[in-house]
Each structure stands twice: as C-alpha cells, then as structure tokens.
Amino acid sequence: GWTNAWTMPIKARIDMLTTGVRTPVGIKILGDNVKEIERVGTQVEAAVRNVEGTRSVFAERAAGGYFVDFTPRRDAIARYGLTVEDVQMQILTAIGGENVTTTVEGRERYPVNVRYPRELRDNLERLQRVLVPTPSGAQIPLAQLADFSITTGPAMIRDENGKLAAYVFVDFDTAKHDIGRYVERAKRAVEGQVKLPVGYALQWSGQYENMLRVRERLTVVVPITILLIFIILYMNTKSGFKTVLVMLAVPFSVVGAVWFMYLLGSNISV
C-alpha cells in the first residue's frame, strides 16, 4: 500500500500547508460514508492510472484499519460477581496500559506506563487468556467473560468542509506534461469511468489548486497592471498615439522568449 512521491522538500511542505496534498495532483473525495468513499477512491485510482503521463496513483484505504473488538457477556460477568467496568478496566490497564507516574530527567518529563509484556498480548489467543480477578480471589480468563473478534474500520478519519474525506495521490511526469492539460485528461477519464453517488463530490487539489488560484488572481492583476502602465506612459509622453505605439510593441517583444521556451520544451510552474 505504500507509494513514493518524489518532490523537493521545501516545495512538499508548502504544498502540504496550502492544500494538504504532497503530490503534484490530489483528488479529494468528499462524502458521508467511509466505505463508500473508499469504493469511489479505488475507482478513481483505476481510471487515473491509465491516463497518459501518470507515474503513480494511490487512493487512501479509508476503511482499511484492523481492530480487536470485545463484547462483554453480561450473564457470565454477573455469575462471577463482577461488573462490566471490572472487565473493561482489566483490558484498559493490562492490555492498553496505564500511566502510573512521571519521571523527571532534568527539564524533560516522561510518563511511566505499565501493562502486560508483549508476549502476553500480541495475538488474539493470548488476549483471551488475560486473567480478571474476582472478589473471591479466583482468576477468570477474559475468554469466559467476553467475545473477541477482529473487525475492519477507518484507520484515520479526515474531515473537510463538514464532510468525511479521503485523498487520491497522483504523481505524473511533469517534465513532459504540464499540469493543466494533464488534469483535463484525468478529469475526462474519471467522468467517463466513475459514477458518483448522490451527496458525494470530487475536488481536484495539489498544485492544480494553486494554479487555479493564481489564474483567477491574474485575471484581475494583469488588466490592472496593463492599465497602470498605460497611464504612466501617457503621463510621461502626453501623447495617446505614442502611448498606444509603445503598448502595441509589448506583445511582439514577448514572442521571441515564448518561442525559445517552446523549442527548449520548458514548462512554466505556478
């Protein structure tokens, strides 16, 4: 289940702080049910894997955690003069551990946790043999007081915009494919192969989210900048003709640089 996402360290941290996604492209799946989110995530993973330029894609297994559940047998617990709390405390302290004190090491402080050694609690059979003391002094194994089972559930629950969430991490060849065109191809692949249930949504994130944010900002900044340059030129020349002449020369001065970058195969980052 592990996957690599090769990136620059500082850039990865900035991406994580701004979007929560460490790969160039991330797909956030938002919904109400963890298992359904995982199902949609695996479908998205399969769809994006075949998109040209994809190097790796991994959908979080939101419901892939394993847990040991125990269900107290109330009749058996009462028969031995115990309470449910007695059994729960034995599991809490003997298996989970309990902080009994704190050790002071100079300016540092460390809690001291006491629990059964690993060899007495590292599998289900041994957990069932953990003894619970009764008021009469007898030691009763947990197997006679509770039913044990291994269940699956969410290893970690993400919450975003009031919805449960899981991420699909996508890494693609940024040297040969620019992020905008790649995401457009990936979106078409996902729309053609994945049908979202009612109440679920996909949000494309990562560097793509930054690109959209910058594009929206530039639609405001660039016109204002051009207008300010026009005003400054007009104030300097006192001539509308000369100002327009200078402004018309600007696009032609850009052509050479743009064609040179195209010939070199350079992609412009955000």
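Structure summary
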{"item": "Residue satisfying all of: in the range 136-148; out of contact with any helix residue (DSSP H, G or I) (no Cβ under 9 Å at 6 or more places or on another chain) and open to solvent by 50 Å² or more (accessible area, probe 1.4 Å); farthest from Tyr80 (Cα to Cα) among these", "result": "Asp147"}
{"item": "Single residue of Phe172, Phe230 found to be open to solvent by less than 80 Å² (accessible area, probe 1.4 Å), touching a residue at least 24 places away in the same chain (Cβ under 8 Å) and not aliphatic (A, V, I, L, M)", "result": "Phe172"}
{"item": "Filter result for Val246 (more than 24 Å from the chain's Cα centre (by Cα), more than 24 Å from Ile14 (Cα to Cα) and not acidic (Asp, Glu))", "result": "yes"}
{"item": "Residue match in the range 123-132 (condition: farther than 22 Å from Phe67 by Cβ, touching a helix residue (DSSP H, G or I) at 6+ places or on another chain (Cβ under 8 Å) and either open to solvent by less than 60 Å² (accessible area, probe 1.4 Å) or assigned to a strand (DSSP E or B) (or both))", "result": "yes"}
{"item": "Residue among Leu202, Leu245 that alone is open to solvent by 40 Å² or more (accessible area, probe 1.4 Å), of a type in the set (A, V, I, L, M, F, W, C) and either over 30 Å from Leu263 (Cα atoms) or touching an Asp or Glu at 6+ places or on another chain (Cβ under 7 Å) (or both)", "result": "Leu202"}
{"item": "Residue that is surrounded by the most Cβ atoms within 10 Å (Cβ to Cβ) [pool: residues in the range 205-227 that are in contact (Cβ under 8 Å) with a residue 12 or more places away in the chain, among the hydrophobic types (A, V, I, L, M, F, W, C) and over 21 Å from Ala249 (Cα atoms)]", "result": "Met211"}
{"item": "Among (1) of a type outside the set (D, E, K, R); (2) in a strand (DSSP E or B); (3) surrounded by 16 or more Cβ atoms within 10 Å (Cβ to Cβ), the one test that Val100 misses", "result": "(3)"}
{"item": "Complete set of residues in the range 69-92 that are at pLDDT below 90 and farther than 18 Å from Pro135 by Cβ", "result": "Asp69, Phe70, Ile91, Leu92"}
{"item": "Matching option when the condition is more than 21 Å from Leu30 (Cβ to Cβ) and among the hydroxyl-bearing types (Ser, Thr, Tyr), among Tyr208, Tyr200, Tyr182", "result": "Tyr182"}
{"item": "Test: residue in the range 7-16 that is over 17 Å from Glu191 (Cα atoms) and at pLDDT 90 or above", "result": "no"}
{"item": "Qualifying helices (runs of 4 or more DSSP H) (wholly inside the range 1-95; at least 3 residues being closer than 30 Å to Tyr200 by Cα and either open to solvent by less than 70 Å² (accessible area, probe 1.4 Å) or basic (Lys, Arg) (or both))", "result": "9-19, 34-49"}
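The values are calculated or read from the model by the stated rules, or taken from the named source; none is laboratory data. Everything quoted here is computed from the prediction, not taken from an experiment. So basically every Cβ, Gly included, is an ideal-geometry build from the backbone, and we count neighbours across all protein chains shown. Remember, those area values only see protein heavy atoms, side chains included, never the ligands or the DNA or RNA. Shrake-Rupley method; radii C 1.70, N 1.55, O 1.52, S 1.80 Å.
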